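Before any comments, here is the structure.
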Amino acid sequence: MTSKNAQLIAALIDGNESVRLRATLSLGSNPDPDLVGALLERCAVEQDFYVRDMLTWALLRCPSDITVPKLLAELQSGLAQAKSQALHTLSKIKNASTWSAITPSLLRDADDEVAKSAWRAAVILVPEGEEMALAEALATQLGRGGRETQLSLSRSLVALGEEAVTAVLQKATETKDPNIIAHARATERLLSEPESGSEFAVGQVKRIFAPGQ
């Protein structure tokens, strides 16, 4: 590691987010495969959204044959943010071989941010012909969480296409859980009216089908 890179890595833990952002920009502008581990370590704990986004960019600048195995290893981390950021980065790399790493346990992860990242990555990486199976897996999470989480799931389902999700949404509306029914109805609306993809879409249907929620 050069002395300059060593200084930049040290700057990644500076208390000022602007300093961390500039350091990450410099590291990404001059990518060094030997620093992938250090970038991932920071991804796992960085609190600032813009710095995390820049860290992802810096990782994308490094050779995928080095970053991908390390990202896959992060999916076994005990830190939720490490898993979430790794999934996010894998969705940006779009390496088809990483599809198998998007396991059912990640799609059902107890942490909403991990689950949302897994949903988005799964939709991007799903092989042709596996969309319906993925829709069935995602549909098990209908009714989960608050509006932001529910909207994220709805958008992921809609991205799979009408053919893949129509049947699972219809099945979900036949349950006895008002939260699942409301979420499924909201997703059906997003499917038929993509321009309605906002918090209002989920919130409105929740008020109709699940009063008091």
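Taking a ≥ b ≥ c as the square roots of the eigenvalues of the Cα gyration tensor of the stretch 66-161, is the shape rounded (a/c under 1.5), prolate (a/b larger than b/c) or oblate? Note, shape of the stretch 66-161 comes out oblate.
Please give the charge dipole size of the stretch 107-192, origin at the Cα centre, charges +1 on K and R Cβ atoms and -1 on D and E Cβ atoms. Round to the nearest 20 debye. Could the numbers behind the result be given before it?
Details: 10 positive and 14 negative charges, 70 e Å.
That gives a dipole near 340 debye.
Computed 3J(HN,Hα) for the stretch 154-165, one whole-Hz value per residue from the Karplus formula 6.51 cos²θ - 1.76 cosθ + 1.60 where θ = phi - 60°, is 4, 5, 5, 5, 4, 5, 6, x, 4, 4, 7, 10, glycine and proline marked x. Each Lys or Arg adds one and each Asp or Glu takes one away; over the other residues whose Cβ falls under 11 Å from the Cβ of I13, this sums to -1. Ranking S77, I66, L12 by how far each Cα lies toward the positive end of the dipole of the stretch 1-158 (charges on Cβ) leaves L12 at the top.
Judged by the mean number of other Cβ atoms found within 10 Å, the most tightly packed of the peptides 153-161, 19-27, 44-52 leads the ranking 153-161, 19-27, 44-52. For the pair T2 and A110, a Förster radius of 45 Å applied to the C-beta separation gives a FRET efficiency near 0.65, rounded to the nearest 0.05.
Taking 0.36 nm per residue of separation and subtracting the current Cα-Cα distance, fully stretching the chain between E174 and L60 would add 36.7 nm.
Across E130, E74, E162, mean-square fluctuation computed from a Gaussian network of the chain (C-alpha pairs under 10 Å connected) peaks at E130. Summing Cβ point charges (Lys, Arg +1; Asp, Glu -1) relative to the Cα centre of the stretch 26-169 gives a dipole of roughly 160 debye. Count the lysine pairs in the chain that are 8 or more places apart or on different chains: how many have C-alpha atoms under 26 angstrom apart? Number of lysine pairs found: 15.
Each peptide among 6-14, 86-94 gets the average number of other Cβ atoms lying within 10 Å of its residues, and from highest to lowest they stand as 86-94, 6-14. For the stretch 153-182 versus the stretch 33-83, the spacing of their alpha-carbon centroids is 33 Å. Using the 1.4 Å probe convention, the accessible area of the chain works out to 51 Å² per residue with neighbouring protein chains retained. For the chain, with all protein chains in place and a probe radius of 1.4 Å, 51% of the accessible heavy-atom surface sits on carbon or sulfur.
The values are calculated or read from the model by the stated rules, or taken from the named source; none is laboratory data. Keep in mind that this is a model prediction, so the values were computed, not measured. As a convention, Cβ positions derive from the backbone with ideal geometry for all residues, glycine included, and neighbour counts pool all protein chains shown. Just the protein is used for accessible areas: all its heavy atoms, side chains included, with ligands, DNA and RNA removed. Shrake-Rupley method; radii C 1.70, N 1.55, O 1.52, S 1.80 Å.
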